[in-house]
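Worksheet: one structure, shown below.
Computed from the coordinates by the stated procedures, all read-outs in this text should not be read as laboratory data. This structure is a prediction, so every number in the text was calculated from the model and none was measured. Quick reminder, even Gly has a Cβ in these numbers, built from the backbone with ideal geometry, and neighbours come from all protein chains shown.
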Amino acid sequence: MSLIPFASQRGGGADLAAHLLNAHDNEYVEVADIRGAMAGDLHGAFAEFEAQAQAMTKCKNYLYSLSINPDTAQGPMARALYADYIQRAEEALGLHGQGRAVVFHIKEDKRGVLREHCHVVWSRIDVQECKAIHMAYDYDKLMGVTRAFARDHDIQLAPGYYKLEDRKRQNYRQLSLYDKAQENQLGISKQERMEVVTELWRQRDSASSFVQALEYHGYILAQGKRPFVLVDIHGHTNSLPKLIDDKSATTKAVREFLGDEYSEETLPSVEDAKDLAAQHLHALKDQEKSRKIHEQLERLGEVYKIQREKLESQIEAKRALHEREKSQQSKDQLTLRIAVSRHYVNKAREIRAEREAAKPKGLSAFLAKASGVELLRSHLHKYNDAKARSTFLKDRRALHEGQRIERLELERRHNMQRLDQERQRRALSQTQAKEQKSLRLSLERSRAVQARRGQPHMPAMNLTLGPPGRKAAVSKAKNRHTSPLAQEMRKRAEPAKKMEQGDLQLEFKLAAEMARKQAEDPSGKKPKKIDPFKPHDPDRGKGRRR
């Protein structure tokens, strides 16, 4: 079982989450673990990581994405081994304890075999230090982790982990994102394209035949930021020397071989070549394939409708729960306020009743009033009543303030849940858009493969110009369609061309009328057949006798 890790620093958490949750490109998607985030889904977790990056740092590539791809030809890889490798990678990269998400995918490879692989995405933001973790020499660290992991678990590594001679190592390098996008759209790997172009280069005999061979295999030779750029039918660009698997095929060698006929000054620009390729690709579009795309998108739309209805029902249930919680809180707070007021009123009544029961009567009442004790008792009761009322008002204000804070907390919690629902809506839309894009890309790839009819290259451009015998020139084909000068000349030539056509038709009519009159015979004989478009000579064919 070989093991190939691929890692990169990146931003765009929403796009990455939609890619990881894409159910069209994968037969099976499992979010195995989310750590260091309050949200329980990928979109929410990556949104939290992005918020941390924006609030604490200026880091734009706040995520570190690692994909672990075992070789299915050597057997499946157990989940315990995945966990061991992830732990080793965390320790080596300095990402231990960071927020992360682990996603498992199962998809079909080119041979139709189901292949399981794992994606691990860490947050690079250290919330304790308020800084982004520097990822220095991460490629070398992952190579060391992979070698140690393979040694401990008796795993055979891919050839790319060993020292290779010459340019053989090029065959085992990881594809760039641009090359991967080309392969996904065309159904042709970079190695296959290099084999085709290299074979054309080795069989070359002249510059014109080499360029024509490139056109037959679906490439236009153009001039861009670098000399000699190949533009394919889908608008992808590649450097011609880089597609030739030969150390001697340098830019200087290609320039000397192409000569002045295809120099950098005479070649079309990349933009013009892309326009010409787009016109040719548009001509190859099949309406039946468009109908199939429409049908599959409609079926996919029915699935999306069910998903949206399910999400909307959950949102509606949560909204009803919010209303019930808000109503119940208002009722409970009102009940508590009424209870506190009643307790104060009842306590005041009990105190007055006790005072009435303890009030002196008869001679004792007369002596208390005469001695001033009754006056002092009255002042003491008023003081106690005022103190009790002040305490009650203070407690009531504290109760109102506490209930206001409770209402604010409930409202804040409801708002957060509503924002989370809106985020779920956006996440569902992003995931569905990603799946639709993947569907279109897969259908486009199958259409391209079908259009090639088993050929290992793209459809021919067919840029040969007439009349027969004229050499094919991409710049002339380009100018024929896009040159402003050619367009202006065609506009100016149209009136003259129409007038010339009208004069020719008039001459043809006059010639036909003249031929008809000359062919008339008064004796009633059958008129002679005369070609009206050839000069008529009545004495033609009559010889003189000597």
Answer rounded, prolate or oblate for the range 351-418, using the Cα gyration tensor with square roots of eigenvalues a ≥ b ≥ c: rounded when a/c is under 1.5, else prolate when a/b is larger than b/c, else oblate.
prolate
Could you grab the relative contact order for the range 1-121? Cα pairs under 8 Å, six or more apart, rounded to a whole percent.
38 percent
Stokes-Einstein D for the range 1-109 (37 °C, 0.692 mPa s, Kirkwood Rh from Cα pairs), in µm²/s, comes to 218 µm²/s
Too-long pairs where the Cα-Cα distance tops 22 Å, listed order kept, from Lys305/Lys434; Lys347/Lys382; Lys58/Lys141:
Lys58/Lys141
Mean Cβ-within-10 Å packing, highest first, puts peptides 313-323, 136-146 in the order 136-146, 313-323
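If I take every Cα pair under 8 Å that is 6 or more residues apart in the range 1-51, average their sequence separation and divide by the length, what percent do I get for the relative contact order?
Rounded, it is 34 percent for the range 1-51.
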Using the structure shown, list the pairs from Lys247/Lys274; Lys60/Lys190; Lys190/Lys274 with a Cα-Cα distance above 25 Å, or answer none.
Lys247/Lys274; Lys60/Lys190
Can you run phi through the Karplus equation (6.51, -1.76, 1.60; θ = phi - 60°) for the range 193-201 and list ³J(HN,Hα) in whole Hz, with x for Gly and Pro?
5, 5, 5, 5, 5, 5, 5, 5, 5
In terms of the ratio Rg/(2.2 N^0.38 Å) built on C-alpha atoms, what value belongs to the range 318-445?
2.28
Per-residue Cβ neighbour rank within 10 angstrom, fewest leading, Tyr219, Tyr344, Tyr62:
Tyr344, Tyr62, Tyr219
